[in-house]
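Presented below is the structure to which this report refers.
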Amino acid sequence: MKQSQADTNKMELTFISLPENERIGRTMAAAFAAMINPTLEELSDFKTAVSEAVTNAIIHAYPEGRGEIKMSLERKGREFTVIVSDEGKGMENVRKSMEPLYTTLPEQERSGMGFTFMEAFTDKLEVESRPGHGTIVRMTKKMGGE
């Protein structure tokens, strides 16, 4: 079935890497997805994945201060894509960072499960990062029944 413009929507949000802004990012993503009446489980999973991506950017991207985090949301039919990006310090080894229980901040009691949750609660997860240039996390999830 061909997508019409009525089946698509897009939104972008830019915010400072303050811990309180995680809630705003999660809430905006949930409100955006709620338009198609997903199940409560789908919406909860989606919110968790977005929360983890935003939290990772807030905690890890700008360790020496604050910076901007961008969140882009797009819907095509029932498929949602969320991109959370920053221009922070980036990651040396994306594959290692995505391993369950791996954390670069054990002194902050971080569980190292952020990417694991993102992967479990979305249909597709892609992570790009370059040291000194930032990170892009792209998550895709279908919601809202057949």
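The values are calculated or read from the model by the stated rules, or taken from the named source; none is laboratory data. Quick caveat, the model's predicted, so the values are computed rather than measured. Quick reminder, even Gly has a Cβ in these numbers, built from the backbone with ideal geometry, and neighbours come from all protein chains shown.
Details
- Picking from residues in segment 126-146 that are free of Cβ contacts under 8 Å to residues at least 60 places away in the same chain and within 19 Å of residue 48 (Cβ to Cβ), the one that is surrounded by the fewest Cβ atoms within 10 Å (Cβ to Cβ) is 126.
- Scanning segment 34-61 for residues that are within 18 Å of residue 137 (Cα to Cα) and of a type outside the set (Ser, Thr, Tyr) yields a count of 14.
- Applying the criterion of at least 1 residues that are modelled with pLDDT of 95 or more to the helices (runs of 4 or more DSSP H) found wholly in segment 32-146 leaves 40-60.
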